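First the structure, in the form of structure tokens, and then the observations on it.
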Amino acid sequence: MRAFNVVASKVMPLDRSNVDTDAIIPKQYLKSIRRTGFGPFLFDDWRYLDPGTLDIDPATRRPNPEFVLNAPAHAGSQILVARDNFGCGSSREHAVWALDDYGFRAVIAPSFADIFFSNCFKNGVLPVVLKADEVQAIFDLVAADAQAQVTVDLPAQQVQLPDGRSFGFEINPHHKHNLVNGLDEIGLTLQQADKIKAYESRRQQEAPWLFAN
Amino acid sequence: MGKTLYDKIWDAHVVSDGGDGSALIYIDRHLVHEVTSPQAFEGLRLNGRKPWRVSANLAVPDHNVPTLNRVQGIADPISRAQVEALDANCKEFGITKFDLMDRRQGIVHVIGPEQGATLPGMTVVCGDSHTSTHGAFGALAFGIGTSEVEHALATQTLVLKKSKSMLIRVNGHVGPGVTAKDITLAIIGRIGTAGGTGHVIEYAGEAIRDLSMEGRMTLCNMAIEAGARAGLVAVDDKTIDYVKGRPFAPRPEQWDAAVSNWKTLHSDADAEFDRVVELDAADIAPQVSWGTSPEMVVPVSAQVPDPARESDPVRRGAIEKALAYMGLQANMPIETIGIDKVFIGSCTNSRIEDLRAAAAVVKGRRKADSVKLAMVVPGSGLVKAQAEAEGLDRVFLDAGFEWREPGCSMCLAMNADRLEPGERCASTSNRNFEGRQGQGGRTHLVSPAMAAAAGIAGHFVDVRSF
Ligand code: SF4
């Protein structure tokens, strides 16, 4: 998994609460056999004026000029800021895959839905919980200057604004360690490869039939 | 204090203790199907990883496969792409897979036990919630998400937190015409779909010991519908007899050691459970679900519930909503509900015993004219062959039922088999959620014999007096 240390970027302001995973990536895309390639379908219903499916080339569709993701001023943002309860609804991991594939490294919101929150850590995306007034400050900053650079500093557990303000955030130390070191759960488990091998050889003595086929 | 069966299996699989209530647990068997595995394989490739122990994996396409004209391949291009991706991934990583045209192909939860790939005392995982089925063998078996599928492939382990334990004891013996499906529905009706949340359920009592292995699989299959992480039944002679001689079963020179190990796979007499629920088998009648959740279930002799008699406003609202979706009136007797389709199949009820039970009801009778379609979908190619050897296919065909190729089929309607909006189905599957068997479709969960009887009568009937 890609490590997450410090990300400095413009911010995409998605001024909505209860953004559910079906809005993040609608169900017709779950038939995909890939975990990449969902970026063009991120927020599909809001982003395009015409309906889409896996076999329609997104480049041929009509973007909704009103939707913030289509605003040129915000293009290239790696940080998404939104309101309460981001990522609610179905447990689909595709929602995080879509955000990641689009290029978002961090999502800032006052609160997140549980499963989405833990899926983020499995995929190297950092969910940052800030207080509602701090989130508001970021919305205000971006409204005043779409080019304003915000820094998400994971080692310091801080979100820094260009005017010098900085907001601290909490994170489970275990999650932080994995993200900073780029360890996905698999990478972390593989650090215990010796223990897995030791278990296997002991078990092979005890219950050899488990290893026969 | 003694150990539960769950404790014993858990303890035998701890690779390392996380110290925070979690542990790294070794996975003996990983079953793979086409829908939840492609992104896991892609994850392996993106990270340059390989499966840890290739031989622990067994793959089969089931969710998307057609049940008619299989030689012509899969018509829907997206379904076909998922099946082809499974083919390519298994080939690339060297994983054993039963192809669409292999007679061993079938629903993943049917073929695991059938092949002896599911063994007592194992940890078994699959990217599918009904993996709980395999708990019938005294194996700790549960469904996992796509990241965990990748984790299991890459490391042969999962990071898990231990669940609480729950004992469901069904005392005494069920009457004739009452099956494992009725027991499992009655349990869910009693404890609710969240009743087992956070728990691993062990099923015990005379009525459970009476069940065949097929019946125990039906029972454990729906543990997930009771909210449990997994279901378990202790090993006994039936378990051991079932496993003997199957292709993946222990070889003769390892057999005795395996059996003596398996004979320890039961909860100790002084083991304590976090929760105990008892039912009286004699009280259980054939069940029919009336709503859009498996807990919305009543005996066939009962009536559709009346929301006006429910004092809790939340429950009343849920009943009203379910009745509206299902197109039913309060207080109508279950036996007056007419059906449009019959589906006998799914990982809950598509094994040979299920087909025999349905055929016994159908034999010498005709499907009601009002029933548009009655389909029988065996759980695997081997179940199909066995049924044909016993002449069951003829019994069904003579009665006007269709005899199909194995797969998940109308259990979730990912292939071409589905309900049209408003159609009502007597189904032996496990989920009656809105739209599960096709958008707007109305599912009633029943046993194979009850589904067959409904297909003959055109409406639900009590199979005991049919
Ligand atoms: S038969 Fe139904 S429940 Fe069973 S694995 Fe297939 S889709 Fe899932």
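Here are B:Ala75, B:Ala81, B:Ala59, B:Ala40: which of them is among the hydrophobic types (A, V, I, L, M, F, W, C) and under 20 Å from B:Cys347 (Cα atoms)?
Details: B:Ala75 fails: under 20 Å from B:Cys347 (Cα atoms); B:Ala81 fails: under 20 Å from B:Cys347 (Cα atoms); B:Ala40 fails: under 20 Å from B:Cys347 (Cα atoms).
After applying the criteria, what remains is B:Ala59.
Would you check which residues across segment B:135-154 are within 25 Å of B:Thr4 (Cβ to Cβ), assigned to a loop (DSSP other than H, G, I, E, B) and within 12 Å of chain A (Cβ to nearest Cβ) and list them?
Step one: filter segment B:135-154 for residues within 25 Å of B:Thr4 (Cβ to Cβ), giving B:135-144, B:148, B:152.
Now narrow it down to the ones that are assigned to a loop (DSSP other than H, G, I, E, B): B:138-139, B:144.
Selection gives B:Ala139, B:Ile144.
Between a first residue in segment B:249-260 that is at the interface with another protein chain (Cβ under 7 Å from one of its Cβ atoms) and a second residue that is at pLDDT 95 or above and not in a helix (DSSP H, G or I), which pairs have beta carbons less than 7 Å apart while being 6 or more apart in sequence or on different chains?
If the second residue must be at pLDDT 95 or above and not in a helix (DSSP H, G or I), the pairs left are B:Ala258/B:Pro250.
Which one is nearest to the ligand (Cβ to nearest atom), of the residues in segment B:208-228 that are in contact with a Leu (Cβ under 9 Å, 6 or more places away or on another chain) and assigned to a loop (DSSP other than H, G, I, E, B)?
B:Met222
For B:Ala75, indicate whether it is within 24 Å of B:Lys384 (Cβ to Cβ), away from the ligand (no atom under 16 Å from the Cβ) and of a type outside the set (Asp, Glu).
Judged against the criteria, B:Ala75 is a match.
Identify, by number, the condition in (1) more than 13 Å from the ligand (Cβ to nearest atom); (2) more than 28 Å from A:Glu185 (Cα to Cα); (3) in contact with a helix residue (DSSP H, G or I) (Cβ under 8 Å, 6 or more places away or on another chain) that B:Ile144 doesn't meet.
Just one mismatch for B:Ile144, condition (2).
Listed here are the residues, each with its yes/no results for (1) in contact (Cβ under 8 Å) with a residue 24 or more places away in the chain; (2) touching a strand residue (DSSP E or B) at 6+ places or on another chain (Cβ under 6 Å).
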site: A:Gln147; (1), (2): yes, no
site: A:Ser166; (1), (2): no, yes
site: A:His175; (1), (2): yes, no
site: A:Asn181; (1), (2): yes, no
site: A:Lys195; (1), (2): no, yes
site: A:Tyr199; (1), (2): no, yes
site: A:Gln204; (1), (2): no, no
site: A:Trp209; (1), (2): no, no
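Counting just the residues of segment B:92-129 that are in a helix (DSSP H, G or I) and small (Gly, Ala, Ser), which one comes out farthest from the chain's Cα centre (by Cα)?
Step one: list which residues in segment B:92-129 are in a helix (DSSP H, G or I), which gives B:92-93, B:108-115, B:129.
Adding the requirement that they be small (Gly, Ala, Ser) leaves B:112, B:129.
Values: B:Gly112: 12, B:Ser129: 9 Å.
So, considering only residues that are in a helix (DSSP H, G or I) and small (Gly, Ala, Ser), the one farthest from the chain's Cα centre (by Cα) is B:Gly112.
Do you know which of the residues in segment B:20-36 that are within 9 Å of chain A (Cβ to nearest Cβ) and modelled with pLDDT under 95 is surrounded by the fewest Cβ atoms within 10 Å (Cβ to Cβ)?
Applying the filter and picking the extreme gives B:Asp20.
Among (1) surrounded by fewer than 24 Cβ atoms within 10 Å (Cβ to Cβ); (2) within 14 Å of chain A (Cβ to nearest Cβ); (3) touching a residue at least 24 places away in the same chain (Cβ under 8 Å); (4) more than 23 Å from the chain's Cα centre (by Cα), where does B:Thr157 come up short?
Failed condition: (1).
Against the definition (within 14 Å of chain A (Cβ to nearest Cβ) and under 30 Å from B:Glu202 (Cβ atoms)), how does B:Val83 come out, yes or no?
No, not satisfied.
Within segment A:15-46, which residues are assigned to a loop (DSSP other than H, G, I, E, B) and away from chain B (no Cβ under 14 Å)?
Residues satisfying the conditions are A:Asp15, A:Arg16, A:Ser17, A:Asn18, A:Val19, A:Pro26, A:Leu42, A:Phe43.
Looking for something modelled with pLDDT under 95 and either under 19 Å from B:Gly379 (Cα atoms) or outside any helix (DSSP H, G or I) (or both) - is there at least one such residue anywhere in segment B:38-47?
Yes, segment B:38-47 has at least one match.
From the list B:Phe401, B:Phe396, B:Phe343, exactly one residue is crowded, with 18+ Cβ neighbours inside 10 Å, at pLDDT 95 or above and within 14 Å of the ligand (Cβ to nearest atom). Which is it?
B:Phe343
I'd like the residue in segment B:101-115 that is within 12 Å of B:Leu58 (Cβ to Cβ) and hydrophobic (A, V, I, L, M, F, W, C) and, out of all such residues, is farthest from the ligand (Cβ to nearest atom).
Ranking the candidates gives B:Ile111 first.
Return yes when B:Ala204 is free of Cβ contacts under 8 Å to residues at least 40 places away in the same chain, surrounded by fewer than 24 Cβ atoms within 10 Å (Cβ to Cβ) and either of a type in the set (D, E, K, R) or farther than 29 Å from B:Ile95 by Cβ (or both) and no when it is not. Before the answer, list the steps.
On the way: free of Cβ contacts under 8 Å to residues at least 40 places away in the same chain: no; surrounded by fewer than 24 Cβ atoms within 10 Å (Cβ to Cβ): yes; either of a type in the set (D, E, K, R) or farther than 29 Å from B:Ile95 by Cβ (or both): yes.
Against the criterion (free of Cβ contacts under 8 Å to residues at least 40 places away in the same chain, surrounded by fewer than 24 Cβ atoms within 10 Å (Cβ to Cβ) and either of a type in the set (D, E, K, R) or farther than 29 Å from B:Ile95 by Cβ (or both)), B:Ala204 does not qualify.
What single numbered condition from (1) within 14 Å of chain A (Cβ to nearest Cβ); (2) farther than 22 Å from B:Leu412 by Cβ; (3) buried (at least 24 other Cβ atoms within 10 Å of the Cβ); (4) not aromatic (Phe, Trp, Tyr) fails to hold for B:Gly116?
Here B:Gly116 clears every test but (3).
When segment B:320-340 is examined, which residues are found to be surrounded by 14 or more Cβ atoms within 10 Å (Cβ to Cβ) and either within 16 Å of the ligand (Cβ to nearest atom) or assigned to a helix (DSSP H, G or I) (or both)?
Of everything in segment B:320-340, those that are surrounded by 14 or more Cβ atoms within 10 Å (Cβ to Cβ) and either within 16 Å of the ligand (Cβ to nearest atom) or assigned to a helix (DSSP H, G or I) (or both) turn out to be B:Glu320, B:Lys321, B:Ala322, B:Leu323, B:Tyr325, B:Met326, B:Ile334, B:Glu335.
Which residues, taken from segment B:220-263, are farther than 14 Å from B:Ala136 by Cβ, among the polar types (S, T, N, Q) and crowded, with 21+ Cβ neighbours inside 10 Å?
none
If B:Pro448 satisfies every condition in (1) at pLDDT below 95; (2) crowded, with 17+ Cβ neighbours inside 10 Å; (3) of a type outside the set (A, V, I, L, M, F, W, C) but one, which is the exception?
Going through (1) at pLDDT below 95; (2) crowded, with 17+ Cβ neighbours inside 10 Å; (3) of a type outside the set (A, V, I, L, M, F, W, C) one by one, B:Pro448 breaks only (1).
Among the candidates B:Val14, B:Val65, B:Val32, single out the residue that is among the β-branched types (Val, Ile, Thr) and away from the ligand (no atom under 16 Å from the Cβ). Walk me through it before giving the result.
On the way: B:Val65 fails: away from the ligand (no atom under 16 Å from the Cβ); B:Val32 fails: away from the ligand (no atom under 16 Å from the Cβ).
Within the list B:Val14, B:Val65, B:Val32, the selection yields B:Val14.
Could you tell me whether B:Ala385 is modelled with pLDDT under 95 and out of contact with any helix residue (DSSP H, G or I) (no Cβ under 8 Å at 6 or more places or on another chain)?
On the way: modelled with pLDDT under 95: no; out of contact with any helix residue (DSSP H, G or I) (no Cβ under 8 Å at 6 or more places or on another chain): yes.
No.
Can you name every one of the helices (runs of 4 or more DSSP H) wholly within segment A:95-213 that holds 1 or more residues which are within 12 Å of another protein chain (Cβ to nearest Cβ)?
In segment A:95-213, the matching helices (runs of 4 or more DSSP H) lie at A:114-122, A:173-180, A:185-190, A:193-206.
For segment A:49-66, check the following and say yes or no: at least one residue is among the aliphatic types (A, V, I, L, M), closer than 24 Å to A:Arg2 by Cα and part of a helix (DSSP H, G or I).
no
If I go through segment B:405-433 residue by residue, how many of them are surrounded by fewer than 24 Cβ atoms within 10 Å (Cβ to Cβ), more than 9 Å from the ligand (Cβ to nearest atom) and away from chain A (no Cβ under 14 Å)?
8
So which of B:Val243, B:Val233, B:Val314, B:Val288 ends up being under 30 Å from A:Arg203 (Cα atoms) and either touching a Cys at 6+ places or on another chain (Cβ under 8 Å) or more than 14 Å from chain A (Cβ to nearest Cβ) (or both)?
Going through B:Val243, B:Val233, B:Val314, B:Val288 in turn, just one is under 30 Å from A:Arg203 (Cα atoms) and either touching a Cys at 6+ places or on another chain (Cβ under 8 Å) or more than 14 Å from chain A (Cβ to nearest Cβ) (or both): B:Val233.
For the list (1) at the interface with chain A (Cβ under 10 Å from one of its Cβ atoms); (2) assigned to a helix (DSSP H, G or I); (3) of a type in the set (S, T, N, Q); (4) within 16 Å of the ligand (Cβ to nearest atom), I need the number of the one condition that B:Ser132 fails.
Going through the list (1) at the interface with chain A (Cβ under 10 Å from one of its Cβ atoms); (2) assigned to a helix (DSSP H, G or I); (3) of a type in the set (S, T, N, Q); (4) within 16 Å of the ligand (Cβ to nearest atom), B:Ser132 breaks only (1).
Among all residue pairs at least 6 apart or on different chains, which show Cβ distances below 8 Å where the first residue, located in segment B:122-134, is closer than 18 Å to B:Thr146 by Cα and the second is acidic (Asp, Glu) and more than 9 Å from the ligand (Cβ to nearest atom)?
What qualifies is B:Thr123/B:Asp28; B:Val124/B:Asp28; B:Val125/B:Glu148; B:Gly127/B:Glu148.
The values are calculated or read from the model by the stated rules, or taken from the named source; none is laboratory data. A quick note: this is a predicted structure, and the numbers were derived from the prediction, not measured. Using ideal geometry, Cβ is built from the backbone for each residue, glycine included, and neighbour counts are taken over all protein chains shown.
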